[in-house]
Amino acid sequence: MMKDIISKIEKEGILGRSGSNFPVHLKWESVKKEKAEKKYVVCNAAEGELGAFKDLFILKNHSRYVIEGIRVAIDYLSAEKGYIYLKKEYFEEVHDLLKEEIGNDEIEIVKKKGGYIGGEETALIKVIEGGVPEPQKKPPFPTQKGLWGYPTLVNNVESFYCVGKIKREEYEKERFYSIFGDAPNKGVHKLQGGITIREILESTGNVPDFEYFLKIGGGACGIIMLPEELDVPLRRLGVIMIYKKEGLDCYALMKKWVDFLLEGNCDKCTPCREGLYRIMEMIEKRDMEGVEDMLFAMEKTSFCPLGTSAATSLRSFLEKVLKNDHENKN
Amino acid sequence: MKIKINGKKLLAKEGETILDVSKRNGIHIPTLCYHSDVTIKASCRVCVVEVNREELLPSCSTKVQNGMVVETDTSSVRRARKINLELLFSQHQEECHDCIWNLNCKMLDFAKEYKVKINKFKDRKDHYPAYRFGCSLEFDSSKCIDCRNCIEICKEQGVGFLEMRGKSHLREVFPSERKDKDCVHCGQCINHCPAGAFEAVGEFERTEKPLKKEEITLIFQIAPAVRAAIGEEFGLPAGFNLMGELVSSLRQLGGDNIFDVPVGADITTMEESKEFLKRTEEGGLPLLTSCCPSWVRFVEFYYPEFIPHLTTVRSPHIILGKLIKEYFSTKKGVDPQELFLISIMPCVAKKHEIEREELAENGVRPVDYVMTTRETGRLLKKNNIKLKGMEKGRTDDPFGEASFSGVSYGASGGVMQSAIFNIIGERVQFKKVSSGLAEASISYKGRNLRLAVVHGLKNARNALEGLKKDPKRYDYVEVMACPGGCIGGGGQPVPTSESMTKERRAGLRKASEDKEVLKAKDNPVVKKVYEEILTTEKEISRICHTRYHEASKTPLYKNKRNNK
């Protein structure tokens with residue numbers, strides 16, 4: 001029966017919905033094959049990215065599938081216990097609802113600590129253990145040594161939702177997209193997975209009638225996509241931000257992003273901590289000279305994916321938007 | 001397994017890091033936050049190397065894999081190192097003229113190697129304050145590069161006075177404000193900070209001050225652990241015994257008289273073995289040693305209930321200091337005010353010890369200044385005195401030569417061995433129980449006496465907790481706050497590490513084996529002191545004994561900056 005579920009997950013080709021795209025069945029199997037006295041399951045509901053609200057939407061509207069998915073994982077792994085690592089701001093809204101759904105099962109809700117980095121899988125393990133949100137060296141991966149040193153499965157809310165749906169044989173290859181910014185029709189939308197970004201905009205009534213660009217995969221760490229680049233599926237976190245070009249202050253926008261990244265910083269590694277600090281200085285001076293060095297160090301040498309993706313994100317904005325903005329103004 | 005570094009085929013063992021293999025094969029990789037004594041943080045990102053021609057990974061934390069291809073010096077490696085170094089310098093306020101790393105700073109070396117512009121950015125922390133913990137230690141937070149080795153080592157020392165505070169990218173190392181936490185001045189933070197953010201009070205701005213007083217008689221006394229480490233300040237490997245050279249150098253520096261602290265240690269041994277026997281007869285065991293001022297402060301602050309168990313015998317340099325001043329005033333007619341006595345110590349807590357009120361008599365302290373091994377090296381270099389190749393000098397009469405036992409005080413176990421040797425006439429074999437704890441038992445006059453030698457304060461904490469549960473667990477415990485004893489002290493040259501401490505220990509061992517007399521009580525100097533100065537119980541008590549008191553938290557002294 002349980003073997004059955006894993007082959008179904010594999011067959012459906014469920015990829016991690018946190019943006020990692022790591023095949024869910026492989027992650028489950030790698031925890032399964034670890035020999036350990038105890039195992040744990042964590043549902044990551046930290047939802048830290050700017051503009052991301054799909055996990056909140058799922059928890060509010062479809063919590064029974066999420067809890068079902070966690071139960072399936074606990075069963076499959078013979079895990080000791082499950083945790084839902086919940087964003088502070090969501091606590092009030094969904095805590096009671098989740099509790100009701102959980103019933104007497106061994107699933108505990110833990111309040112998230114720290115900023116964006118508090119949602120990184122090794123950092124959240126530290127928080128559940130009672131420590132500070134700081135990423136840990138990988139390997140060992142949480143699948144090998146997670147909570148209290150035991151193999152731990154960490155999956156996103158939406159990944160568990162999919163499993164819950166598969167279990168009940170109700171899965172329809174759906175995916176949730178959080179569409180915000182200057183979007184004409186803001187909100188979280190449930191659509192078919194695998195469709196192109198343009199199709200997403202079209203089917204949600206979000207094709208702007210103004211000049212725009214998109215930031216996809218996260219309001220802070222996502223990458224910039226121009227209107228001519230949208231005929232590809234969204235292979236990142238289900239977040240689309242639409243920005244109107246007219247009257248846009250590029251520096252104010254970057255400041256907002258970098259403020260968020262500094263706020264969510266763990267202070268651990270040099271390139272991310274100091275690099276972002278210097279990028280902020282450049283933004284405030286409205287002069288990005290020297291930024292390439294910062295991005296290079298962040299991309300190549302950051303301790304965890306926050307620094308790397310922050311750099312990729314900023315670079316795509318500098319190249320696709322700021323550069324043209326300058327050229328137009330000159 | 002086989003890996004390739006810079007095109008060279010090398011053998012590696014499972015579990016080794018790229019840095020381990022590189023070091024073993026003499027391949028240079030710059031490291032900053034890496035320190036062999038603490039866990040790998042991999043946070044400075046200076047030691048990155050190129051792995052399998054695709055990614056840059058920190059060599060300190062990346063484990064080797066069979067067939068791995070590593071390049072340590074490609075253009076992207078160099079570029080990443082240069083940028084990360086520039087960023088590290090951007091949060092590190094330089095104060096190179098007054099830094100304990102002196103001319104031996106890794107950050108500056110790498111700056112040269114990677115053509116780093118150290119002032120490319122305005123210092124982010126230029127307005128960060130400097131803190132002073134008591135009268136021994138300073139932490140200049142404007143130099144901190146956030147590696148947090150100090151926090152780990154402070155915790156490892158069983159103290160946990162250094163903490164993190166703040167949020168996000170502005171988290172910082174901060175001395176605890178909690179009433180139940182205080183610094184005990186071991187100085188291990190100094191030894192494990194790559195950025196020179198910690199230093200002893202007085203390093204180095206006060207170092208020369210005492211030497212400028214011309215009308216005074218300037219006296220130096222040298223602690224045992226200094227002789228096996230001072231050479232490192234002059235580029236020699238750890239463990240060279242340079243006692244003779246140091247004596248001559250200090251004379252050249254203007255020292256009128258030079259004495260050897262191990263002679264004071266011989267007196268400590270005499271008194272402490274007497275006290276141990278007395279307590280064996282009359283009660284009051286276990287006896288705890290008190291030579292280490294950091295340990296004493298640890299007891300006074302964290303475990304005051306054990307104060308009655310601390311031996312009342314003063315530490316060697318305090319006893320010898322007192323004897324020297326006594327001798328100069330009574331036998332040579334020199335006014336104690338005209339004497340200036342400097343102890344050269346591997347320790348920063350000794351700076352605190354000499355300020356203790358109980359030690360002063362009529363306003364005169366046994367020792368006027370404590371100079372660390374580092375300060376001494378700096379001073380000699382500044383005065384162009386080359387220790388290497390200096391003629392070997394001898395310490396002065398009437399406190400000329402110490403015993404083997406006295407010199408052995410410089411490493412963990414020395415105090416205990418000396419006292420027991422003095423009592424039973426043979427050396428005891430200790431059994432290592434764990435890192436930082438060794439035990440032995442002896443039978444004396446029909447009694448079985450249990451002995452323990454402890455170094456590192458975390459181990460000391462465990463020993464005290466054990467004694468709380470079972471007061472009869474030990475009868476006599478030696479504790480040194482620093483790993484390895486004074487030889488690994490917070491005043492020793494940097495860099496320092498566990499393996500260097502071992503080398504120094506071997507050097508100290510050789511230095512003690514040079515001594516003709518083995519036991520403290522057989523030392524003619526000791527006999528003479530008891531015949532001429534320590535003639536009555538009253539005099540012994542006045543010169544050799546002290547008392548302790550419960551300590552409260554030292555107010556934190558903060559030195560604000562107005563650069564911003």
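We did not get these values from a lab; they are worked out from the coordinates using the rules stated. None of these values were measured; they are calculated from a predicted model. Glycine gets a Cβ as well: all are built from the backbone with ideal geometry, and neighbour counts include every protein chain shown.
With a point put 7 Å past each Cα toward its Cβ, work out how far B:V364 is from B:V433 in nm, to one decimal.
Between B:V364 and B:V433, the simple spin-label model gives 4.4 nm.
Hey, quick one: spin label on B:K528, modelled 7 Å out along Cα-Cβ, who in segment B:381-402 has an amide N within reach, i.e. under 17 Å?
Within reach of a label on B:K528: B:394-402.
Is it possible to state the helix-based mean residue ellipticity at 222 nm for chain B, with each DSSP H run of 4+ residues giving -39500 (n - 2.57), the sum divided by total residues, to the nearest 500 deg cm²/dmol? What is it? Could you put the intermediate results ahead of the total?
Numbers: 18 runs with 181 residues, N = 564.
Per the formula, -9500 deg cm²/dmol.
If one takes the longest principal axis of the Cα atoms in chain A, at what angle in degrees, from 0 to 90 and to the nearest 10, does the Cα axis of helix A:250-263 lie?
Helix A:250-263 and the main axis of chain A meet at about 30 degrees.
Would you grab the residues whose amide H sits under 5 Å from the one on B:L451? Only those 5+ places off in sequence or on another chain, please, with H modelled 1.01 Å from N.
Correct list: B:A440, B:S441, B:I442, B:D475.
Using a 10 Å cut-off on Cβ atoms, rank the peptides B:172-180, B:207-215, B:151-159 from the highest mean neighbour count down. The partial results should precede the final answer.
Values: B:172-180: 14.9, B:207-215: 12.3, B:151-159: 21.1.
Put in order of decreasing packing, that is B:151-159, B:172-180, B:207-215.
Using Cα-Cα distances under 8 Å and only pairs 6 or more residues apart, what relative contact order does segment A:174-244 have, in percent?
Details: 143 pairs, mean separation 27.7, N = 71.
Relative contact order comes out at 39 percent.
Using alpha-carbon pairs under 8 Å, 6+ residues apart, how would you state the relative contact order of chain A in percent? The partial results should precede the final answer.
Working: 610 pairs, mean separation 58.2, N = 330.
Reported as a whole number, the value is 18 percent.
Distance in nm between label sites at A:E170 and B:R447, each 7 Å beyond Cα in the beta-carbon direction?
Those two pseudo-labels are separated by 8.0 nm.
Using only the alpha-carbon atoms, how far is helix A:2-12 inclined from the longest principal axis of chain A? Give it as 0 to 90 degrees, nearest 10.
20
Packing-wise, with mean Cβ within 10 Å as the measure, how do B:17-24, A:9-16, A:121-128 rank, highest first? Intermediate values should be presented prior to the final figure.
Working: B:17-24: 19.9, A:9-16: 17.6, A:121-128: 23.0.
Output ranking for B:17-24, A:9-16, A:121-128: A:121-128, B:17-24, A:9-16.
Take peptide A:293-305, look around each residue's Cβ out to 10 angstrom, count Cβ atoms belonging to other protein chains, and average those counts. Working shown, then result.
On the way: counts 8, 3, 1, 5, 11, 3, 2, 12, 15, 1, 6, 0, 0.
Counting Cβ atoms of other protein chains within 10 Å of each residue's Cβ and averaging gives 5.
Can you pull the mean other chain C-beta count within 10 Å for peptide B:161-172?
Values: counts 0, 0, 0, 3, 0, 1, 5, 12, 15, 6, 7, 1.
Average per residue, whole number: 4.
Would you tell me the mean number of C-beta atoms belonging to other protein chains that fall within 10 Å of each C-beta in B:38-45, as a whole number?
Numbers: counts 0, 1, 1, 4, 4, 9, 4, 12.
Average neighbour count from other chains, rounded to a whole number: 4.
Where Lys and Arg each count +1 and Asp and Glu each count -1, what net charge lies around B:C292 among other residues with Cβ under 11 Å from its Cβ? Could the numbers behind the result be given before it?
On the way: positive: B:R297, B:K350; negative: B:E353, B:E478.
Here the charged neighbours net out to 0.
At R0 = 25 Å, how high is the FRET efficiency between A:E10 and A:R235 if r is their beta carbon distance? Nearest 0.05 is fine. Walk me through the numbers before you get to the answer.
Details: r = 19 Å, r/R0 = 0.75.
Using R0 = 25 Å, I get an efficiency of 0.85.
Set the bar at 29 Å for Cα to Cα. Now go through A:K27/B:K63; A:K138/A:K244; B:K63/B:K432; B:K212/B:K325 and name every pair that lies beyond it. Can you show the working numbers first?
Values: A:K27/B:K63 22 Å; A:K138/A:K244 39 Å; B:K63/B:K432 31 Å; B:K212/B:K325 20 Å.
Checking Cα-Cα distances, A:K138/A:K244; B:K63/B:K432 exceed 29 Å.
With an 8 Å Cα cut-off and a minimum separation of 6 or more residues, compute the relative contact order for chain B in percent.
Numbers: 1138 pairs, mean separation 98.7, N = 564.
Once normalised by length, the contact order is 18 percent.
What is the extension gain from B:E305 to B:K117, computed as 0.36 nm multiplied by their sequence separation minus the C-alpha to C-alpha distance, in nm to one decimal? Intermediate values should be presented prior to the final figure.
Details: separation 188, 0.36 × 188 = 67.68 nm, distance 5.45 nm.
Gain in length upon complete extension: 62.2 nm.
Nothing charged except the Cβ atoms of Lys and Arg (+1) and of Asp and Glu (-1): what's the magnitude of the dipole of the protein assembly as shown about its Cα centre? Round to the nearest 20 debye. Could you put the intermediate results ahead of the total?
Details: 140 positive and 131 negative charges, 268 e Å.
Rounded to the nearest 20 debye, it is 1280 debye.
Sorted by packing (mean other beta-carbon atoms within 10 Å per residue), highest first, where do B:228-236, A:256-264 land? Spell out each step's value before the answer.
Values: B:228-236: 23.0, A:256-264: 20.3.
Going from most to least packed, we get B:228-236, A:256-264.
Any of B:K468/B:K502; A:K186/A:K215; B:K458/B:K502; B:K392/B:K521 with alpha carbons more than 23 Å apart? Name them for me. The partial results should precede the final answer.
Values: B:K468/B:K502 32 Å; A:K186/A:K215 14 Å; B:K458/B:K502 20 Å; B:K392/B:K521 27 Å.
Check vs 23 Å cut-off fails for B:K468/B:K502; B:K392/B:K521.
List the residues whose amide H sits under 5 Å from the amide H of B:V348, counting only those 5 or more places along or on another chain, with H placed 1.01 Å from N in the peptide plane.
Under 5 Å from the amide H of B:V348 lie the amide H atoms of B:G490, B:G491, each far enough along the sequence or on another chain.
Quick one: if the Förster radius is 45 Å, what FRET efficiency do B:E537 and B:K332 give, using the C-beta to C-beta distance and rounding to 0.05? Could the numbers behind the result be given before it?
Details: r = 26 Å, r/R0 = 0.57.
Here the calculated transfer efficiency is 0.95.
Considering only DSSP beta bridges whose two residues both sit in the protein assembly as shown, what percent are antiparallel, to the nearest 5?
Numbers: 55 of 99 bridges.
Antiparallel bridges: around 55 percent, rounded to the nearest 5.
Any idea how far apart B:S76 and B:E205 come out in nm if each label point goes 7 Å out from Cα toward Cβ?
Each label point is offset 7 Å from its Cα along the Cβ direction, giving 4.6 nm.
Expressed as an acute angle from 0 to 90° and rounded to the nearest 10, what is the orientation of the C-alpha long axis of helix A:157-167 relative to the principal long axis of chain A?
Relative to chain A, helix A:157-167 is tipped by roughly 40 degrees.
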